[in-house]
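Beneath this line is the structure, given in C-alpha cells, with notes to follow.
Here, each number is a calculation from the coordinates, and none is a lab measurement. Quick caveat, the model's predicted, so the values are computed rather than measured. Here the Cβ is made from the backbone with ideal geometry for all residues, glycine too, and neighbour counts use every protein chain on show.
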Amino acid sequence: MAAKGNRTDMNSPAEKVAKQTVKGQTYGKAKEQMDAQAAVPMAPSPTGVPQPAPQAGPLPGRLGAFNRPTEAPTEPLTAGSDFGPGMSSVQAGMPFRPGSMESAIAELRALYQLYPSDSLGALLESYYRGGA
C-alpha cells in the first residue's frame, strides 16, 4: 500500500480498524458502507492520555473562606463601580469600554418599542435628560 503523505494514521495497515457493516440493512447498503470505509480507512483510537487544560486564575478555595473578614475595611462596597462612594472604575484601573452604555441604551429602546411600560420609558427619559 502506498504511503498517504502527511496522513501518518493511514500509513500502517496493521493499525487500521477492520471494516464493519451494520446487520439487517436493505439490499446494497452494506456494500455502500464497505466501499465508504475502503475509501477512507478508520484509524485506531488515540492511545495518549489527554492532559487537562491549564486553569486560568487561582484554584477554587485558594483565596480563603468566602465569609472571612474584609481585607479593606475602610473601602466602600461600591469602590470600583461608577456609582456610589469610592473610586470610579477608571480610577480603579479597569479598562474603559467605549460604547458600552450606548449599546445598553439601544437595547432598552428596542425593548421599549416591543413592550412599552411607564418605568422603562421613565428610565430612558432620565438617560436622555442627563440622569437628572
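For 74, 21, what's the fewest-to-most ordering of other Cβ within 10 Å of each Cβ? Write down the numbers at each step before the final one.
Working: 74 6, 21 13.
Placing the least packed residue first, the sequence is 74, 21.
Taking 0.36 nm per residue of separation and subtracting the Cα-Cα distance, what length does fully extending residue 115 through residue 68 add?
Details: separation 47, 0.36 × 47 = 16.92 nm, distance 4.37 nm.
Computed gain between residue 115 and residue 68 is 12.6 nm.
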